[in-house]
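**Student:** Take this structure first; my questions come after.
The values are calculated or read from the model by the stated rules, or taken from the named source; none is laboratory data. All values derive from a computational prediction rather than experimental measurement. All Cβ positions, even for glycine, are placed from backbone atoms using ideal geometry, and neighbour counts span all protein chains on display. Accessible surface is based on the protein model in full, side chains and every heavy atom, while ligands, DNA and RNA are left aside. Shrake-Rupley method; radii C 1.70, N 1.55, O 1.52, S 1.80 Å.
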Protein chains: 2
Amino acid sequence: MNIKIVLNIVSLSLIIFSVFMLLPIGIAFIYKTSEIHGFLISFLITFLTGISIYFLTRKYKHEELRYREAFAGVTLTWISVAFFGSLPYLLTGALGSFTDAYFEAMSGFTTTGASVISNVEILPKGILFWRGITQWIGGMGIVVFALAVLPVLGTGGMQLFKAEVPGITVDKIRPRIVDTAKLLWLIYSGLTAIIAGLYAFCGMSWYDAICHAFTTISTGGFSTKNASLASFNSPLIEYIAGCCMLLGSINFVLYFFLLKGDFNKIFKNNEIRFYFSILLFSILIMTLNLKLNIYHSLEKSFRYTFFQIISIITTTGYATADYAQWNFFAQTIILFLMFLGGMVGSTAGGIKQLRIHLMLKQIYKEFYHLIHPRAITSIKINDRALNHEILESIWGFIFLALTIWIISSIIISATGLDIVTSISAVASALNNVGPALGKAGPTATYAPFPALAKWVLVFCMLIGRLEYYTVLVLFIPAFWKK
Amino acid sequence: MNIKIVLNIVSLSLIIFSVFMLLPIGIAFIYKTSEIHGFLISFLITFLTGISIYFLTRKYKHEELRYREAFAGVTLTWISVAFFGSLPYLLTGALGSFTDAYFEAMSGFTTTGASVISNVEILPKGILFWRGITQWIGGMGIVVFALAVLPVLGTGGMQLFKAEVPGITVDKIRPRIVDTAKLLWLIYSGLTAIIAGLYAFCGMSWYDAICHAFTTISTGGFSTKNASLASFNSPLIEYIAGCCMLLGSINFVLYFFLLKGDFNKIFKNNEIRFYFSILLFSILIMTLNLKLNIYHSLEKSFRYTFFQIISIITTTGYATADYAQWNFFAQTIILFLMFLGGMVGSTAGGIKQLRIHLMLKQIYKEFYHLIHPRAITSIKINDRALNHEILESIWGFIFLALTIWIISSIIISATGLDIVTSISAVASALNNVGPALGKAGPTATYAPFPALAKWVLVFCMLIGRLEYYTVLVLFIPAFWKK
């Protein structure tokens with residue numbers, strides 16, 4: 001392990017990141033609010049820390065950037081960005097405790113959207129803008145991570161796209177990754193601009209439109225309003241937001257194909273077909289349930305379903321209805337939908353549709369074997385048979401996600417939280433959804449949670465966001481040896 | 001598919017089974033209770049049905065007994081034995097509705113122990129003896145099934161013991177399986193006698209001792225008392241019952257080794273070592289929790305933990321404390337412990353220790369790969385490397401169990417049951433535990449559940465008991481084609 005490279009990656013991230021702290025200052029200028037001071041100090045601390053570490057670590061050979069350094073670098077980047085990102089909350093006085101500030105910052109950078117702030121509308125505009133930016137940066141970061149690091153990790157299914165993404169080879173990250181990052185940057189910014197435009201067109205102020213565009217494309221879920229998107233009282237905004245959350249949950253490699261005009265690869269993509277089937281089925285069942293048992297109006301039932309199901313499955317976490325008050329049938333569905341998540345290579349969290357799809361294929365394969373014991377079969381995706389190694393790494397991933405869910409739920413329940421709150425809050429944090437059920441429903445916040453519970457959830461957001469292995473492998477001593 | 005063979009298997013089971021209906025008549029004679037009539041009619045219906053089907057189907061070639069016929073035969077046997085086994089409840093007037101009677105019977109034959117009877121002590125002794133017998137037969141049946149059919153199914157890990165069990169080849173079940181069954185019969189009866197003797201020695205009446213021995217060795221959990229084993233007010237009985245439940249949850253192949261004096265194979269068995277580690281760890285944590293938060297007496301905390309943890313993990317379901325009233329930490333642990341179950345080839349339900357052990361090995365293997373990317377590794381059990389085929393069938397099993405748990409929980413929650421009750425009741429049924437949490441806690445019964453919920457749980461008990469694939473493959477049309 002070359003610690004210098006790791007710290008160099010982190011320092012570069014901090015420098016770039018510190019620049020974003022200047023944006024809320026602009027907002028504060030425009031709206032003449034008082035938080036300039038806090039952001040300026042935060043910027044200085046972050047920038048100076050970044051630049052000092054950079055100069056201390058810049059002398060290393062580029063060839064030594066191997067996957068080990070990448071794992072450690074990515075994890076440490078998220079941890080430290082959340083640390084420095086929590087400074088504005090503390091220094092502007094928006095949040096009083098470090099635990100709360102770090103929770104809010106980590107929730108932002110992991111695009112989770114869980115919050116400890118119950119009344120966001122009393123906060124200065126610069127702070128709310130900052131919350132949006134943390135998610136936007138986090139979303140961009142995770143897509144780069146998914147396309148650059150995950151194919152090496154091998155547990156994701158992103159290795160299937162290795163050939164499509166420039167700059168990736170089996171165990172080295174080449175400088176060409178910069179080209180990929182630039183292209184992604186353009187796509188990501190372009191989509192954000194389109195979404196902001198749509199929101200503004202539907203009647204949002206430009207400020208709200210941009211803040212919500214940040215947290216929509218990143219499937220983050222922070223809002224500038226206490227009632228989230230419901231506060232705009234516009235069915236049109238709900239439908240548009242639903243569609244835009246989907247945009248963030250799609251594999252960004254598919255946007256490469258789109259730019260290349262290679263529509264065939266999009267339509268024939270197994271994961272997107274599976275994803276939309278699951279979505280359609282869930283929306284159908286839930287609409288029926290709400291129509292029959294809760295709202296009676298078909299349009300309202302459909303709209304609430306459309307928005308909430310997409311928000312949960314894309315792991316965004318906006319809410320226009322308090323589903324913690326829906327019937328148990330709806331809540332049980334929502335609890336398990338949290339685990340699905342969006343597509344691989346997207347800003348969405350969760351186990352991801354591809355892995356769920358492969359899991360179901362594995363179940364089916366066993367049935368097939370019982371019926372045709374001598375048949376030789378393989379599991380295919382996009383017409384390509386997957387080898388045992390890839391499959392087993394995916395099964396390992398799913399088992400690890402489950403095991404961590406179980407252990408964390410047990411730990412959180414030890415702080416006195418009830419079972420539904422414990423298991424749903426952990427599911428929500430691991431899958432980067434945001435709100436959960438019980439005491440962590442969409443109208444509640446995590447503020448009253450015990451500090452231990454908050455820190456467990458912070459850890460869950462981090463490992464869930466970085467696909468478990470990236471973070472947890474760092475806890476194995478052998479990983480650090482040459 | 002040769003339907004004649006299937007029906008022949010079922011008819012033979014029914015004939016043997018009907019003979020057991022005569023035992024409660026003996027009990028009724030001894031205690032001069034009134035239920036003789038009901039049992040006699042039940043016996044006649046069952047025996048005559050069995051014998052008629054037998055004569056209609058007896059002409060078939062033995063060589064045609066292949067695994068397909070075995071699957072269908074086993075499933076149909078459990079379904080019909082539960083049907084005829086529900087007759088005594090109905091004909092003696094112990095239960096009024098067919099749904100309740102079938103639920104109680106299926107719960108017995110699957111050794112689940114979930115009950116719809118809130119006051120068992122007012123029922124005649126013959127009926128309570130019958131409840132015990134259903135579990136005892138079910139336990140014996142499942143061990144034969146595990147040793148004869150599961151190795152063929154391949155999802156269990158029991159194929160590892162194929163060489164040790166006479167009468168099993170890859171896809172045919174040979175007549176020599178009868179030898180195995182005879183030996184198992186002896187071991188099973190011997191253990192039952194020992195347990196009954198121990199219970200009687202500790203002060204139970206012989207009637208209670210035998211009834212509880214039936215439901216201990218089968219990890220069933222039905223009791224003749226409303227307060228289950230707590231009603232005997234004897235710490236000694238609690239400790240002994242704890243140890244005896246463990247006897248039922250051990251792979252019966254290990255008893256073969258014990259009889260052969262091959263102790264090495266027992267001590268070096270990976271699964272038993274893993275099983276006891278999990279047990280010790282759970283008991284340690286739970287004792288600490290109860291000592292610190294609930295009972296304050298260390299002995300009481302340890303005893304309640306020892307009994308309850310073993311009862312849950314062996315999927316027996318006796319209770320000497322109402323754990324649905326313990327703190328959320330304890331309840332969350334219990335919820336997830338339900339899934340573990342005992343060892344493969346035992347009377348216990350659940351995913352089974354072997355599969356959980358292999359799952360953790362798969363997780364570890366991925367970490368190892370990240371640290372040593374070029375290492376070639378394999379997953380071993382008892383010093384034998386497992387091939388991809390066996391492993392993948394085990395992963396398929398785990399995924400199927402999870403998927404069924406999720407779908408069934410959602411369906412049950414649609415009947416209006418709360419989330420904790422829904423997910424724990426389904427977990428309890430699938431893993432053949434018996435009691436659950438929430439409205440299905442150890443002091444409650446399933447009587448107030450809606451009929452739909454009861455039928456879903458009946459189905460869950462059946463598919464969980466027969467390891468999912470055995471039953472579910474019958475729903476695939478291609479399975480029935482030549």
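**Student:** Conditions first: (1) within 23 Å of the chain's Cα centre (by Cα); (2) within 26 Å of A:Ser393 (Cα to Cα); (3) surrounded by fewer than 17 Cβ atoms within 10 Å (Cβ to Cβ). A:Lys268 passes all but one, so which condition is the exception?
**Tutor:** (1)
**Student:** Let me ask another. Being more than 10 Å from chain B (Cβ to nearest Cβ), buried (at least 22 other Cβ atoms within 10 Å of the Cβ) and polar (S, T, N, Q) is the filter here, so list the residues in the stretch A:319-356 that pass it.
**Tutor:** A:Thr320, A:Ser346, A:Thr347, A:Gln353
**Student:** Find the residue count for the stretch B:404-413, including only residues that are open to solvent by less than 40 Å² (accessible area, probe 1.4 Å) and either facing chain A (nearest Cβ under 8 Å) or on the phi > 0 side of the Ramachandran plot (or both).
**Tutor:** Going through the stretch B:404-413 one residue at a time, the tally reaches 3.
**Student:** Please go through the stretch B:442-455 and give me each residue that is within 14 Å of chain A (Cβ to nearest Cβ) and either assigned to a helix (DSSP H, G or I) or crowded, with 22+ Cβ neighbours inside 10 Å (or both), ordered by number.
**Tutor:** Across the stretch B:442-455, the qualifying residues are B:Phe449, B:Leu452, B:Ala453.
**Student:** From the set of residues in the stretch A:284-308 that are open to solvent by less than 70 Å² (accessible area, probe 1.4 Å) and under 16 Å from A:Phe328 (Cβ atoms), which is nearest to the chain's Cα centre (by Cα)?
**Tutor:** A:Gln308
**Student:** Which members of the stretch B:357-368 meet the condition of being under 18 Å from B:Ile278 (Cβ atoms) and either more than 9 Å from chain A (Cβ to nearest Cβ) or out of contact with any Phe, Trp or Tyr (no Cβ under 9 Å at 6 or more places or on another chain) (or both)?
**Tutor:** Across the stretch B:357-368, the qualifying residues are B:His357, B:Leu358, B:Lys361, B:Tyr364.
**Student:** Hey, could you check the stretch A:466-482 for residues that are surrounded by 15 or more Cβ atoms within 10 Å (Cβ to Cβ) and either within 23 Å of A:Ser413 (Cβ to Cβ) or of a type in the set (A, V, I, L, M) (or both) and say which is nearest to the other protein chains (Cβ to nearest Cβ)?
**Tutor:** Checked the stretch A:466-482; the qualifying residue nearest to the other protein chains (Cβ to nearest Cβ) is A:Val473.
**Student:** Here's a follow-up. For A:Ile376, state whether it is in a loop (DSSP other than H, G, I, E, B), without any contact (Cβ under 8 Å) to a residue 12 or more places away in the chain and open to solvent by 10 Å² or more (accessible area, probe 1.4 Å).
**Tutor:** yes
**Student:** What number of residues within the stretch A:2-36 are open to solvent by less than 40 Å² (accessible area, probe 1.4 Å) and not in a helix (DSSP H, G or I)?
**Tutor:** Total meeting the criteria: 3.
**Student:** Now, a different point. Among (1) on the phi < 0 side of the Ramachandran plot; (2) away from chain B (no Cβ under 14 Å), there is one condition A:His296 misses while meeting the rest; what is its number?
**Tutor:** (1)
Residues checked against (1) closer than 20 Å to B:Ser218 by Cβ; (2) not in a helix (DSSP H, G or I):
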| site | (1), (2) |
| --- | --- |
| B:Leu254 | yes, no |
| B:Phe257 | no, no |
| B:Ile266 | no, no |
| B:Arg273 | no, no |
| B:Phe281 | no, no |
| B:Thr287 | no, no |
| B:Phe302 | no, no |
| B:Phe307 | yes, no |
| B:Thr320 | yes, yes |
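**Student:** Return the only residue of B:Ala401, B:Ala425, B:Ala436 being open to solvent by less than 10 Å² (accessible area, probe 1.4 Å), of a type in the set (Gly, Ala, Ser), within 14 Å of chain A (Cβ to nearest Cβ) and not in a helix (DSSP H, G or I).
**Tutor:** It is B:Ala436.
**Student:** Still on this structure: Among the residues of the stretch B:98-142, which ones are within 19 Å of B:Val344 (Cα to Cα), touching a Leu at 6+ places or on another chain (Cβ under 8 Å) and not in a helix (DSSP H, G or I)?
**Tutor:** Within the stretch B:98-142, just B:Thr110 meets the criteria.
**Student:** For the stretch B:82-97, name all the residues that are of a type in the set (Gly, Ala, Ser) and either surrounded by 20 or more Cβ atoms within 10 Å (Cβ to Cβ) or outside any loop (DSSP other than H, G, I, E, B) (or both).
**Tutor:** The answer is B:Ala82, B:Gly85, B:Ser86, B:Ala94.
**Student:** Same structure again: Pairs please, first residue from the stretch A:248-277 and farther than 26 Å from A:Trp136 by Cβ, second anywhere and open to solvent by less than 70 Å² (accessible area, probe 1.4 Å), Cβ atoms under 6 Å, 6+ apart in sequence or on different chains.
**Tutor:** What qualifies is A:Lys265/A:Phe257; A:Asn270/A:Ile381; A:Asn270/A:Asn382; A:Phe274/A:Gln353; A:Phe274/A:His357.
**Student:** Looking at B:Leu259, B:Leu290, can you tell me which residue is of a type in the set (A, V, I, L, M, F, W, C) and farther than 23 Å from B:Leu354 by Cβ?
**Tutor:** B:Leu290
**Student:** Another question, if that's okay. The conditions are (1) within 11 Å of chain A (Cβ to nearest Cβ); (2) open to solvent by 10 Å² or more (accessible area, probe 1.4 Å); (3) under 25 Å from B:Gly342 (Cα atoms), and B:Gly416 fails exactly one of them. Which is it?
**Tutor:** B:Gly416 satisfies every listed condition except (3).
**Student:** Can you tell me which residue within the stretch A:369-398, out of those that are more than 8 Å from chain B (Cβ to nearest Cβ) and of a type in the set (Gly, Ala, Ser), is farthest from B:Tyr368 (Cα to Cα)?
**Tutor:** Result: A:Ala375.
**Student:** Name the single residue that is farthest from A:Gly441 (Cα to Cα) among those in the stretch A:208-233 being surrounded by fewer than 17 Cβ atoms within 10 Å (Cβ to Cβ) and of a type outside the set (A, V, I, L, M).
**Tutor:** Restricting to residues being surrounded by fewer than 17 Cβ atoms within 10 Å (Cβ to Cβ) and of a type outside the set (A, V, I, L, M), the top hit is A:Asn233.
**Student:** Here's another thing I want to ask about it. Is one or more of the residues making up the stretch B:333-340 over 25 Å from the mean Cα position of the chain (by Cα), without any contact (Cβ under 8 Å) to a residue 12 or more places away in the chain, in a helix (DSSP H, G or I) and farther than 21 Å from B:Ala230 by Cβ?
**Tutor:** no
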